[in-house]
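Asks: Have a look at this one.
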Amino acid sequence: MPAFVEVILPLNLNKTFTYEVSEHDARRIVPGMRLAVPFGKNKIYTALAIELHSNAPTLYEAKPIDQILDETPTVTPEQIEHWKWIASYYMCAIGDVYRSAMPSGLLLESETLIRLNPDVLPETMELDSDEAAVIEALKKQSSIKIQEVLTILGKKTVFPVIKKMMAKKLVSLEEIVSENYKPKLKRYIRLFPEFENGDNLEMLLELLKNAPKQKDILLQYFQLKASERQAIPVTRLLEESGASAVQLKSLIEKEIFEEYYLQRDRVDFSDRQENRDLQLSPAQDEAFESILESFKSHDVSLMHGVTSSGKTEVYIKIIERVIESGSQVLYLLPEIVLTAQLVMRLTAHFGNKVAVYHSRYTSNERIEVWNQILESSEKAQVVIGARSALFLPFKSLGLIIIDEEHEQTFKQQDPAPRYHARDASIVLATYFGAKVLLGSATPSIESYFNAKSGKFGLVELSERYGNATLPEVSVIDLKDSYFRKKMTGHFSQELIEGIKSALDAKEQVILFQNRRGYSPVLECMSCGHVPHCTQCDVSLTYHKAKGQLRCHYCGSSMAFPTHCHACHSPELQTKGFGTEQIELELKEIFPSAKTARMDQDTTRGKFAFEKLIHEFRERDIDILVGTQMLAKGLDFDNVSLVGIMNADTMLYHPDFRALERSFQMMTQVAGRAGRSQKQGKVLIQTYNPTHTIVRQVTANDYVPMYRDQLHERHIYHYPPYARLLRLTFRHRDYDKVKEAAQWTANVLRQQINIPVLGPEEPTVARIRNEYIRNILIKIPQETPLSGTKKTIQRILDSFESISQFRPVKVTVNVDFY
Ligand code: ADP
Ligand code: ZN
Ligand code: ZN
């Protein structure tokens, strides 16, 4: 009987393909194994076997596979099922899901470039003749295509050779992110293990009786240890005890103290587990118990906990429970940059059981984590990652935590698959009977609705941890301030005074302006001309430090003009303001304060973000100006004032989520203030002091905000009352896009009996010379989703078959955010 294998190819193709296999191979292949297969003209790809069968394809002749790449499956049955679900639900190609789910090193193809690993010395290793030949070639050329290795070795397939060489770390993939993640080491101090428990304290003090300064250091160490209950940096101990490095050194030589180094975000967290035993506050404990209770009747629970209520601590307790039973935990964060902070907190409890997985890791590092999870290794029992960690080969998943679940970064926008990590996680959990815990101080309307309607469990944590109270929020009327000439640049008098007193008290300040650059618009005073991007329909943003006008959509830039390009007038004026302008004004108003800026422009460098966070935490920065990056769950203990420079741009954004987001953003930024003892202050500058959202932020009124927004959503048929599906059309020819979108909208209206909006031009209707049109389909909650999607897919298929439309790119975004 002929044997065939059904495979997924890592290409933008929404179907599986059939290959022929020998009977011998058919017995070896298990679904989830990778196979090298030929496809197209002389190309070899890493395909994924999903099924063995005996049905020859009818439309083409099955080619034989080249090679089986795995001894055991690399992909689990749950993953295959989940990826199929993603492809079907988000209406994208299964090949795209496969491709983005796997670390590139597991998807070798003939075009893949490999290079010599700079950290190894092949001379010192035992190599077989194939390996030696590849190394020889790589000494002459910095990188070569796998295709070329075929010629060098004169073999039909070389993936196994490359795979072995990668495992030996002889070669690695040439990738853009191939720099190793090597943050600076920080020096910490601790007692030698025999003194750690404090039993021998008497003896120690006796020992140091004639060295009073050293005794001081020791006592100071105990004090720090007791009050901070975390790793103690050497610098901090010296600072607090006023001792010199020499004095500390002699304690180290006496083997009383030892130094050690910690890296913040590393693949291997083998540092000694501190096992700081965690005491939950009564409120946290109640939340913890309620979550356990709600998990008895719900698979998903939402923890609505105000900012700084210590949600992380509650998660830790829950994780403890889950891993005791041997299960795996996935902890999803909205941003890669937040991992460093979280890794520190989790490793303190779980030591080496914590693994991190995200796109900043090299392919080799990602493969390592992938394999650890696949082997259910203890080293990866708790996996921290951004949304893509959801694609890992879990074997016994017990819990998924989605921290800051309201963040829109959980939804992938481009490229496909355009999945929502929160929603896809909930589906993933069902395959394992795992629980999902969502957490946020400002839950999304959708999640809170699900909780209120009983679909999710709901747990409230309404007080801050410790003695901290929520900050006091005041609103400043900009109209009035300008009218009374009480403004210095963009700073009201109240804000300036607030900053002054914070600085006097040696406290730190955060200023929020959700726009980068100096100003978003430059205008000619005599003719009103505004410079626009030549490729995009958007005004250029002025970046003063660079002396440039820059497009925030395509990245192109030009030198700052000396004259108006339309009328040659030299009188050009900026309109609106971004973070750069705020920082410059700050430097004039507070010349001796140390300021820094955190936005896309200042965090482009590899560790720039981490460095900023570190400096701010170490109090090397007094005032931090930034965009919404500041709103993402950062924990600083000395910020007493948060200023929101202008609430209005957020409030008037043309989007049905604008008000929800304004509330979330302002509440989250405000939540950075007063996270320790003293009550913090928040000042919101706005032209609309009586705006409902501003008032709700001021009063921390989440529930009234939720009710208002839900009401609006109900009236206008938005989520959670409808599912949104957006079709985007793009092409360089304006008329073609217009026509294509119009045709589709007409057919949709004929064939589906639900609201179809548009086609309409988005706010920025041309990007990189491509014109854009959107169609928005609102699928009412009660309409069966899969039937509607099928119809839409059929219409898109007939669209494809119309030759004049074929060049128009169409993307489908299900549950568009
Ligand atoms: P949230 O995520 O809810 O905004 P965090 O989890 O960041 O709050 O907690 C706020 C701060 O309080 C952190 O610095 C955290 O270490 C501290 N904290 C919270 N709970 C505890 C606890 N039970 N024991 C010690 N410190 C805690
Ligand atoms: Zn002009
Ligand atoms: Zn542009």
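The values are calculated or read from the model by the stated rules, or taken from the named source; none is laboratory data. Just so it is clear, the model here is predicted, and its values are computed rather than measured. Quick reminder, even Gly has a Cβ in these numbers, built from the backbone with ideal geometry, and neighbours come from all protein chains shown. These area figures cover heavy atoms from the full protein model, side chains too; ligands, DNA and RNA do not enter into them. Shrake-Rupley method; radii C 1.70, N 1.55, O 1.52, S 1.80 Å.
Asks: Given S462, S481, which one is more than 28 Å from K594 (Cβ to Cβ) and in contact (Cβ under 8 Å) with a residue 12 or more places away in the chain?
Replies: Just a single option satisfies the conditions, and that option is S462.
Asks: Considering only segment 754-817, give the strands (runs of 3 or more DSSP E) lying wholly within it that have at least 1 residues that are modelled with pLDDT of 90 or more and of a type in the set (S, T, Y).
Replies: Fully inside segment 754-817 and qualifying: 770-780, 809-814.
Asks: For segment 638-647, check the following and say yes or no: at least one residue is crowded, with 17+ Cβ neighbours inside 10 Å, among the hydroxyl-bearing types (S, T, Y) and either outside the structural domain of K611 (by TED's automatic domain parsing) or in a helix (DSSP H, G or I) (or both).
Replies: no
Asks: Hey, can you tell me all the residues within segment 364-380 that are more than 18 Å from G351 (Cα to Cα) and either open to solvent by 30 Å² or more (accessible area, probe 1.4 Å) or hydrophobic (A, V, I, L, M, F, W, C) (or both)?
Replies: N364, R366, I367, W370, N371, L374, E375
Asks: Among residues belonging to segment 165-216 that are in a loop (DSSP other than H, G, I, E, B), open to solvent by less than 30 Å² (accessible area, probe 1.4 Å) and at pLDDT 80 or above, point out the one that is nearest to L121 (Cα to Cα).
Replies: L170
Asks: Could you tell me whether any residue of segment 533-541 is over 28 Å from Y771 (Cβ atoms) and not small (G, A, S)?
Replies: No, segment 533-541 contains no residue that is over 28 Å from Y771 (Cβ atoms) and not small (G, A, S).
Asks: Next question, about the same structure. For a quick check of your reading: which strands (runs of 3 or more DSSP E) sit entirely within segment 1-107 and have at least 3 residues that are in contact with a helix residue (DSSP H, G or I) (Cβ under 7 Å, 6 or more places away or on another chain)?
Replies: Once the strands (runs of 3 or more DSSP E) in segment 1-107 are filtered for at least 3 residues that are in contact with a helix residue (DSSP H, G or I) (Cβ under 7 Å, 6 or more places away or on another chain), what remains is 43-53.
Asks: Any idea which of (1) touching a Ser or Thr at 6+ places or on another chain (Cβ under 9 Å); (2) open to solvent by less than 40 Å² (accessible area, probe 1.4 Å); (3) farther than 12 Å from R190 by Cα is the one Q247 doesn't satisfy?
Replies: So Q247 meets the others, but not (2).
Asks: Can you run down the residue pairs with Cβ atoms below 8 Å, 6 or more apart or on separate chains, where the first is in segment 703-726 and closer than 17 Å to S440 by Cβ and the partner is open to solvent by 70 Å² or more (accessible area, probe 1.4 Å)?
Replies: P720/Q781
Asks: (1) of a type in the set (S, T, Y); (2) open to solvent by 10 Å² or more (accessible area, probe 1.4 Å); (3) assigned by TED's automatic domain parsing to the domain that holds S481: which one isn't true of Y716, the others all being true?
Replies: With respect to (1) of a type in the set (S, T, Y); (2) open to solvent by 10 Å² or more (accessible area, probe 1.4 Å); (3) assigned by TED's automatic domain parsing to the domain that holds S481, Y716 is out only on (3).
Asks: Mind listing whichever residues of segment 568-596 are within 16 Å of ligand 2 (Cβ to nearest atom) and either in contact (Cβ under 8 Å) with a residue 12 or more places away in the chain or small (G, A, S) (or both)?
Replies: Of everything in segment 568-596, those that are within 16 Å of ligand 2 (Cβ to nearest atom) and either in contact (Cβ under 8 Å) with a residue 12 or more places away in the chain or small (G, A, S) (or both) turn out to be S569, E571, L572, Q573, T574, K575.
Asks: Using the structure shown, decide if I426 is among the hydrophobic types (A, V, I, L, M, F, W, C), open to solvent by 10 Å² or more (accessible area, probe 1.4 Å) and at pLDDT 95 or above.
Replies: yes
Asks: Only one of these conditions is not met by H529: (1) within 16 Å of ligand 2 (Cβ to nearest atom); (2) under 30 Å from L634 (Cβ atoms). Which number is it?
Replies: The failed condition is (2).
Asks: Of all the strands (runs of 3 or more DSSP E) wholly in segment 482-584, which have at least 3 residues that are touching a strand residue (DSSP E or B) at 6+ places or on another chain (Cβ under 9 Å) and farther than 30 Å from I684 by Cα?
Replies: Counting at least 3 such residues, we get 557-559.
Asks: Name the single residue that is nearest to ligand 3 (Cβ to nearest atom) among those in segment 288-314 being over 18 Å from S447 (Cα atoms) and either open to solvent by less than 10 Å² (accessible area, probe 1.4 Å) or of a type in the set (K, R) (or both).
Replies: Among them, the one singled out is S309.
Asks: From the residues in segment 49-79 that are surrounded by 10 or more Cβ atoms within 10 Å (Cβ to Cβ) and among the small types (G, A, S), which one is farthest from L35 (Cα to Cα)?
Replies: Among those residues, the one meeting the criterion is A56.
Asks: If I go through segment 149-164 residue by residue, how many of them are without any contact (Cβ under 8 Å) to a residue 40 or more places away in the chain, in a helix (DSSP H, G or I) and under 28 Å from T72 (Cα atoms)?
Replies: Total satisfying the criteria: 4.
Asks: Kindly evaluate Y357 against the criterion of being under 20 Å from the mean Cα position of the chain (by Cα), closer than 20 Å to E405 by Cα and within 14 Å of ligand 1 (Cβ to nearest atom).
Replies: The answer is no for Y357.
Asks: On to the next question. Have a look at S481, S453, S492, S519 and point out the one that is modelled with pLDDT of 95 or more and open to solvent by less than 20 Å² (accessible area, probe 1.4 Å).
Replies: Only one candidate passes the filter, namely S492.
Asks: For Q341, only one of the following conditions fails: (1) near ligand 1 (Cβ under 10 Å from one of its atoms); (2) modelled with pLDDT of 95 or more; (3) open to solvent by 20 Å² or more (accessible area, probe 1.4 Å). What is its number?
Replies: Unmet condition: (2).
Asks: Looking at C551, is it surrounded by 18 or more Cβ atoms within 10 Å (Cβ to Cβ) and within 16 Å of ligand 2 (Cβ to nearest atom)?
Replies: The answer is no for C551.
Asks: Would you confirm whether or not segment 695-704 contains a residue that is over 20 Å from the mean Cα position of the chain (by Cα), among the small types (G, A, S) and modelled with pLDDT of 90 or more?
Replies: The answer is yes; a qualifying residue exists.
Asks: Of all residues in segment 597-620 being buried (at least 21 other Cβ atoms within 10 Å of the Cβ) and touching a residue at least 60 places away in the same chain (Cβ under 8 Å), which is farthest from T409 (Cα to Cα)?
Replies: This residue is F616.
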